[in-house]
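See structure below.
The values are calculated or read from the model by the stated rules, or taken from the named source; none is laboratory data. Bear in mind the structure is a predicted one, so any value in this text is a computation, not a measurement. Glycine also receives a Cβ, built like all others from the backbone with ideal geometry; neighbour counts cover every protein chain displayed.
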Amino acid sequence: MPESAHIEAATPADGPRIVALLAQAGLPTADLTPAALARFCVARDGDAIVGAVTVEHYGDNGLLRSLVVAPTQRGRSLGRALVEAVEQRARAQGLRSLVLLTQTAAEFFAALGYRVVARSAVPEALRNSSQFAGVCPSSAACMQKQLATPSDS
Ligand SMILES: CC(C)(COP(=O)(O)OP(=O)(O)OC[C@H]1O[C@@H](n2cnc3c(N)ncnc32)[C@H](O)[C@@H]1OP(=O)(O)O)[C@@H](O)C(=O)NCCC(=O)NCCS
């Protein structure tokens, strides 16, 4: 990850730039409300937002979605750092697993411990989310990672 970049919670003012990054990468944005955008994590480099990701909560499970790194910044471990940041936050918040849908980055997530699972194996609340219910194509791979929480140790 570039030394000048850091990962932090988004501010309300970041919303339009997060949407622009996602749209540039061809990821869904139509269902992202201002409140949802305010819950993102962003990678900030000076004044620029060079990456983003968020986790939606469905009971004990989270839906990791909208992971994006600016095209000029890819391959510098920012994507991995963003995933690790939201995993750490998810553990601290007591989530038991993270689920995601991806069309283009299954190998990237597999290297981070995510395993392909059947959509039918995912808790119903997640299957009713907008990502599952239509925003993400049905051809997208469904992946899950169990999170060890502090209470497991
Ligand atoms: C997927 C994405 C976030 C990765 O970000 P990144 O900053 O380039 O990733 P990193 O530099 O942290 O890569 C970590 C490792 O994954 C590999 N990798 C990166 N993107 C990959 C991909 N799409 N498929 C397979 N492997 C990938 C890297 O080569 C690197 O491997 P290494 O550890 O052996 O060097 C970025 O390519 C992106 O924004 N893509 C478009 C949006 C997208 O597909 N998002 C996922 C939707 S859920």
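Could you please find all residues in region 114-141 being modelled with pLDDT of 95 or more and surrounded by 14 or more Cβ atoms within 10 Å (Cβ to Cβ)?
Across region 114-141, the qualifying residues are 114, 117.
What's the total number of residues in region 85-110 that are of a type in the set (D, E, K, R) and without any contact (Cβ under 8 Å) to a residue 24 or more places away in the chain?
Residues flagged as of a type in the set (D, E, K, R) and without any contact (Cβ under 8 Å) to a residue 24 or more places away in the chain within region 85-110 amount to 1.
List pairs: first residue in region 39-53 and assigned to a strand (DSSP E or B), second residue surrounded by 21 or more Cβ atoms within 10 Å (Cβ to Cβ) and among the basic types (Lys, Arg) anywhere in the structure, Cβ distance under 8 angstrom, at least six positions apart or on different chains.
The qualifying pairs are 53/65.
Would you please name the residue that is farthest from residue 36 (Cα to Cα), looking only at residues in region 71-81 that are near the ligand (Cβ under 7 Å from one of its atoms) and assigned to a helix (DSSP H, G or I)?
Filtering first and then ranking leaves 73.
Applying the selection to region 92-129, what residues are near the ligand (Cβ under 8 Å from one of its atoms) and under 17 Å from residue 59 (Cα atoms)?
Result: 100, single match.
Do you know which residues across region 23-39 are among the charged types (D, E, K, R) and more than 16 Å from the ligand (Cβ to nearest atom)?
Correct list: 39 only.
Of all residues in region 84-108, how many are in contact with a His (Cβ under 9 Å, 6 or more places away or on another chain), surrounded by 16 or more Cβ atoms within 10 Å (Cβ to Cβ) and not in a helix (DSSP H, G or I)?
Selection size over region 84-108: 1.
Working only within region 111-125, note down all residues that are in a helix (DSSP H, G or I) and either without any contact (Cβ under 8 Å) to a residue 60 or more places away in the chain or in contact with a Leu (Cβ under 6 Å, 6 or more places away or on another chain) (or both).
Result: 119, 120, 121, 124.
Among the candidates 68, 50, 55, 42, single out the residue that is buried (at least 21 other Cβ atoms within 10 Å of the Cβ), near the ligand (Cβ under 7 Å from one of its atoms) and among the aliphatic types (A, V, I, L, M).
Sole residue among the options that is buried (at least 21 other Cβ atoms within 10 Å of the Cβ), near the ligand (Cβ under 7 Å from one of its atoms) and among the aliphatic types (A, V, I, L, M): 68.
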